[in-house]
Number of protein chains: 2
Amino acid sequence: MVNVPYTLYHYPLCPFSRIIRLALSIYKIEVKMVQERTWERRADFLKMNPGGTIPLLIHEKTGLAIPGTNVIIEYLEEIHSSHGKQNSLMFRGIPERVEVRRLVCWFNEKFNDEVTRNLIGEKIYRRFMAKKLGGGPPDGLAVRTGIANARIHVRYIGYLIRRRKWLAGQALSYADLAAAAHLSCIDYLGHVPWNEDEDAKTWYARIKSHPVFRPLLSDRIMGIQPPEAYSDLDF
Amino acid sequence: MVNVPYTLYHYPLCPFSRIIRLALSIYKIEVKMVQERTWERRADFLKMNPGGTIPLLIHEKTGLAIPGTNVIIEYLEEIHSSHGKQNSLMFRGIPERVEVRRLVCWFNEKFNDEVTRNLIGEKIYRRFMAKKLGGGPPDGLAVRTGIANARIHVRYIGYLIRRRKWLAGQALSYADLAAAAHLSCIDYLGHVPWNEDEDAKTWYARIKSHPVFRPLLSDRIMGIQPPEAYSDLDF
């Protein structure tokens, strides 16, 4: 049996987990993947992470539990740079790092509040949650709000990418991973308005065709099929 | 006229801004403070920070705009350590930094969702917002939920502080600043259940009596007086 250094607790359509899955894959860090349905509040999971959230990365040798996208990103950067490795997903210069972190926060907070929560929250999470925990059919107003907000964000991506090669600068960074992680979840539901901005679509086609993206495109949620374009590289 | 290197856009009872105010004060970084009522969506502010959120730190010499608590914290750590300074609010070891960031996230996300949003959001922000933007009288259910949740968090602080000198370890860190920033805002409304945990109260008395805390205790919001205990060091 091979010893894998890390375990990642995640959920297939959780964008926060997807950012970390992409980063681990780019950094070629081996990881055992475990699906966690956080809404079930499993006691053994809460022991490792009292906050009850995913993603949760466990360093198997030391048992160190690293919870949350930001905490994991900063951890990965610290071990990455302490190994003297280049090509960081966070860049090197201080203003450049501000821009990467600003955009990660943009997608994880603003995009999440305005789009992801309204679509993935309503159509995926509520479908599987018990009624007493807030489960039930999606709220139509929330879904319509999410779809309308997605247009503004796709245009913002287009605006950025007309000024730079990648979202935060001249190389791939966590900003691209965060944007692509959220969009890919929405895309699973067929709700990304790709016709809104041709440059945003071209940027997404570029990141989607990266080998690290493949496992995300083969994720399936029971009972919900993505549209054909979801895993089509020429969507 | 003295040139101050930074400007901080903030709001007096915004816990996210308070964390940064405390950190800047501890690091003795001079800053010009500007109050921003983000819900008014001022055009000049949105130009500096398209996300429209506070805190926003501006480095005056370069014009670099650093938005959001996490982004500012990481920025401060990077300039602090590049100046070779010790006594970081983030500690030095990798597992210790994970714990600081985990707790910052705990208060900024979990505590904020469960307590701050229900109390400060309902009782302060909605009071000053136009009705069409969601302003109005506080939602009684949200306020009761916030008060009930605050008890659990105060007990968690007590649990941590019985095992360590400060929240994330043996020295003051951003974890303490984050917890104290949120609690101090709730305390302005008199809603912290200090009788819930004597050790949590002792920890708060310790941080509250630190000189950097004084400006926070003299903040006043028009039309809402804090209870006497708010600024009393022997509350």
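The values are calculated or read from the model by the stated rules, or taken from the named source; none is laboratory data. On a predicted model such as this, the values are computed, not experimentally measured, just so you know. Using ideal geometry, Cβ is built from the backbone for each residue, glycine included, and neighbour counts are taken over all protein chains shown. Heads up: the accessible areas ignore ligands, DNA and RNA and are worked out on the full protein's heavy atoms, side chains in. Shrake-Rupley method; radii C 1.70, N 1.55, O 1.52, S 1.80 Å.
Output the residues belonging to the range B:57-74 that are under 13 Å from B:Ile19 (Cβ atoms) and not hydrophobic (A, V, I, L, M, F, W, C). Write out each step before concluding.
Residues of the range B:57-74 that are under 13 Å from B:Ile19 (Cβ atoms), as a first pass: B:57, B:68-74.
Matches in the range B:57-74: B:Gly68, B:Thr69, B:Asn70, B:Glu74.
Do you know which residues across the range A:87-105 are in contact with a Leu (Cβ under 7 Å, 6 or more places away or on another chain), buried (at least 20 other Cβ atoms within 10 Å of the Cβ) and either free of Cβ contacts under 8 Å to residues at least 24 places away in the same chain or basic (Lys, Arg) (or both)?
Hit for the range A:87-105 is A:Val98, nothing else.
Would you please list the contacts, defined by Cβ atoms under 7 Å and residues six or more apart or on different chains, that run from a residue in the range B:133-151 that is at negative phi to a residue that is open to solvent by 40 Å² or more (accessible area, probe 1.4 Å) and outside any helix (DSSP H, G or I)?
The qualifying pairs are B:Gly135/B:Met129.
On the given criteria, is A:Arg117 of a type in the set (Lys, Arg), surrounded by fewer than 21 Cβ atoms within 10 Å (Cβ to Cβ) and within 13 Å of A:Ala179 (Cβ to Cβ)?
Working: of a type in the set (Lys, Arg): yes; surrounded by fewer than 21 Cβ atoms within 10 Å (Cβ to Cβ): yes; within 13 Å of A:Ala179 (Cβ to Cβ): no.
Against the criterion (of a type in the set (Lys, Arg), surrounded by fewer than 21 Cβ atoms within 10 Å (Cβ to Cβ) and within 13 Å of A:Ala179 (Cβ to Cβ)), A:Arg117 does not qualify.
Would you check which residues across the range B:12-37 are open to solvent by 30 Å² or more (accessible area, probe 1.4 Å) and either in a strand (DSSP E or B) or over 15 Å from B:Val71 (Cα atoms) (or both) and list them? Walk me through how you get there before you give the answer.
Within the range B:12-37, the first condition is being open to solvent by 30 Å² or more (accessible area, probe 1.4 Å), and the residues that meet it are B:16, B:25-26, B:28-35, B:37.
Passing the criteria: B:Ser25, B:Ile26, B:Lys28, B:Ile29, B:Glu30, B:Val31, B:Lys32, B:Met33, B:Val34, B:Gln35, B:Arg37.
Look at A:Glu109 and say whether it is among the acidic types (Asp, Glu), at the interface with another protein chain (Cβ under 10 Å from one of its Cβ atoms) and either open to solvent by 20 Å² or more (accessible area, probe 1.4 Å) or over 12 Å from A:Ala23 (Cβ atoms) (or both). Working first, answer last.
Details: among the acidic types (Asp, Glu): yes; at the interface with another protein chain (Cβ under 10 Å from one of its Cβ atoms): yes; either open to solvent by 20 Å² or more (accessible area, probe 1.4 Å) or over 12 Å from A:Ala23 (Cβ atoms) (or both): yes.
Against the criterion (among the acidic types (Asp, Glu), at the interface with another protein chain (Cβ under 10 Å from one of its Cβ atoms) and either open to solvent by 20 Å² or more (accessible area, probe 1.4 Å) or over 12 Å from A:Ala23 (Cβ atoms) (or both)), A:Glu109 qualifies.
Taking the range A:49-73 on its own, how many of its residues are in contact with a Pro (Cβ under 8 Å, 6 or more places away or on another chain) and open to solvent by 30 Å² or more (accessible area, probe 1.4 Å)?
6
Scanning the range B:143-176 for residues that are of a type in the set (Gly, Ala, Ser) and open to solvent by less than 40 Å² (accessible area, probe 1.4 Å), which turns out nearest to B:Asn87 (Cα to Cα)? Full working, then the answer.
So in the range B:143-176, the residues of a type in the set (Gly, Ala, Ser) come out as B:146, B:148, B:150, B:158, B:168-169, B:171, B:173, B:175.
If we keep only those that are open to solvent by less than 40 Å² (accessible area, probe 1.4 Å) as well, we get B:146, B:150, B:158, B:168-169, B:173, B:175.
Working: B:Gly146: 35, B:Ala150: 31, B:Gly158: 24, B:Ala168: 14, B:Gly169: 13, B:Ser173: 9, B:Ala175: 14 Å.
Once the filter is applied, the top-ranked residue is B:Ser173.
I'd like the full set of residues that are within 26 Å of B:Arg37 (Cα to Cα), among the β-branched types (Val, Ile, Thr) and open to solvent by 10 Å² or more (accessible area, probe 1.4 Å), limited to the range B:177-220.
Residues satisfying the conditions are B:Val192, B:Val212.
Looking only at the range B:58-78, how many residues end up being assigned to a strand (DSSP E or B) and within 25 Å of A:Leu76 (Cβ to Cβ)? So that I can check it myself, show each step before the final result.
Taking the range B:58-78 as the starting set, the residues that turn out to be assigned to a strand (DSSP E or B) are B:58-59, B:64-67.
When the remaining residues are screened for being within 25 Å of A:Leu76 (Cβ to Cβ), the result is B:64, B:66-67.
Counting residues in the range B:58-78 that are assigned to a strand (DSSP E or B) and within 25 Å of A:Leu76 (Cβ to Cβ) gives 3.
Which condition does B:Leu76 not pass, out of (1) crowded, with 22+ Cβ neighbours inside 10 Å; (2) of a type in the set (A, V, I, L, M); (3) farther than 28 Å from A:Gly52 by Cα; (4) within 8 Å of chain A (Cβ to nearest Cβ), if it passes all the others?
Every listed condition holds for B:Leu76 apart from (4).
Identify, by number, the condition in (1) away from chain A (no Cβ under 12 Å); (2) in a helix (DSSP H, G or I) that B:Ala171 doesn't meet.
Here B:Ala171 clears every test but (2).
Does A:Glu40 meet the test of being open to solvent by 40 Å² or more (accessible area, probe 1.4 Å), more than 12 Å from chain B (Cβ to nearest Cβ) and under 22 Å from A:Asp219 (Cα atoms)?
On the way: open to solvent by 40 Å² or more (accessible area, probe 1.4 Å): yes; more than 12 Å from chain B (Cβ to nearest Cβ): yes; under 22 Å from A:Asp219 (Cα atoms): yes.
Taking the combined requirement at face value, the residue satisfies it.
Out of the residues in the range A:79-106 that are part of a helix (DSSP H, G or I), farther than 14 Å from B:Asn70 by Cα and more than 9 Å from chain B (Cβ to nearest Cβ), which is modelled with the highest pLDDT?
A:Glu96
Going through B:Lys61, B:Lys47 one at a time, which residue ends up being more than 20 Å from the chain's Cα centre (by Cα) and either closer than 30 Å to A:Ile54 by Cβ or within 13 Å of chain A (Cβ to nearest Cβ) (or both)? Reasoning before the result, please.
Numbers: B:Lys47 fails: either closer than 30 Å to A:Ile54 by Cβ or within 13 Å of chain A (Cβ to nearest Cβ) (or both).
Answer to the selection: B:Lys61.
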